[in-house]
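The next block holds one structure in the form of structure tokens; read it before the comments.
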Amino acid sequence: MTGTLEPKKREPIFNNMPPGVLIIGGAMVVIEVYLQIFGLEPRRTLLIYFSFFPKLFLSQFPELYFGDYYFRFISHAFLHGDFFHMVLNVAILIAVGKHMEEHLGLLKFLIIFFLTAISGALCFQIIEPTETSPIVGASSSVYGLLAFYFGKELFIRLHNSMSIQPIINIAVVMTLIHIPLVLWGSLLLGAEIAWQGHLGGAIAGFMLIFVIRGSGR
């Protein structure tokens with residue numbers, strides 16, 4: 001026997017990046033880098049045109065462009081408050097989204113991403129209908145992807161009579177992380193956390209488990 005077992009090389013995370021994650025994540029990076037280069041004024045302009053303002057739906061402000069009010073339900077996911085906000089969301093998008101798109105396919109991944117973005121904005125609208133500050137960032141979709149991913153794992157464990165303690169631990173940790181962010185987000189991060197969007201995205205992501213099935217790849 002002449003051969004020897006060699007340790008399996010760890011595949012770089014960007015190898016074979018599926019198109020949905022690549023395009024969505026890439027768009028977020030490009031937008032934020034552009035805003036970092038050209039400063040505060042372009043960021044304000046994009047926020048005015050594409051972030052989600054709940055109060056718009058209760059006001060008489062005219063649309064800035066055709067479909068303005070409704071496009072914001074999606075466009076807000078591609079804008080971020082700052083560079084760190086973008087990096088955090090894109091990192092989770094890559095880590096979880098890559099696995100999900102590989103197993104679900106491009107179309108189902110896009111459905112989850114965009115429906116959870118819409119659900120996050122809708123939840124923000126319902127809970128804070130008169131809020132004048134906008135919601136921005138892919139956090140609604142990120143929480144939707146996480147809810148779908150770990151919710152699916154929960155049902156697999158239940159079906160196979162496996163311990164669900166790891167899923168419970170994750171849920172507890174995520175809840176504990178949110179408590180200080182909700183209470184003191186403006187002090188810790190310099191901006192308030194739109195937990196309403198996180199909640200809406202997570203609810204939609206979990207509900208989509210019952211609708212979207214894997215491709216078995």
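Worth a mention:
- Simple point charges give the picture: +1 on the Cβ of Lys and Arg, -1 on the Cβ of Asp and Glu, and for the chain a dipole about the Cα centre of about 600 debye.
- Cβ-based charge dipole, the chain, positive-most Cα from HIS80, ALA147, PRO54: ALA147
- Per residue, the chain exposes 60 Å² of accessible surface when a 1.4 Å probe is rolled over the protein heavy atoms with every protein chain present.
- When LEU107, LEU47 are compared by accessible area at a 1.4 angstrom probe, the order from most to least is LEU107, LEU47.
- Degrees, to the nearest 10: 139-159 long Cα axis against longest axis of the chain: 30 degrees
- Accessible carbon and sulfur surface of the chain relative to its total accessible area, %, 1.4 Å: 70 percent
- Magnitude of the charge dipole for segment 27-150, about its Cα centre and with charges confined to Cβ atoms of Lys, Arg (+1) and Asp, Glu (-1), is about 80 debye.
- Available extension along the chain between LEU181 and HIS103 is 24.8 nm, counting 0.36 nm per residue and deducting the alpha carbon span.
- Ranked by the mean number of other Cβ atoms within 10 Å of their residues, highest first, the peptides 25-31, 161-167, 203-209 fall in the order 203-209, 25-31, 161-167.
- For segment 108-149, projected area of the alpha-carbon convex hull averaged over all directions, nm²: 2.9 nm²
- Cut-off under 5 Å, modelled amide H: who pairs with PHE52 long-range: ILE135
- Between the Cα long axis of helix 195-207 and the first principal axis of the chain there is an angle of about 40°, rounded to the nearest 10.
- For the chain, the relative contact order is 25 percent, taking Cα pairs closer than 8 Å that sit 6 or more residues apart in sequence and dividing their mean separation by the residue count.
The values are calculated or read from the model by the stated rules, or taken from the named source; none is laboratory data. Worth saying up front: this structure is predicted, and the values here are computed from it rather than measured. Note: ideal-geometry Cβ built from the backbone for every residue, glycine included; neighbour counts use all protein chains shown. Protein only, heavy atoms only, side chains kept; ligands, DNA and RNA dropped before computing areas. Shrake-Rupley method; radii C 1.70, N 1.55, O 1.52, S 1.80 Å.
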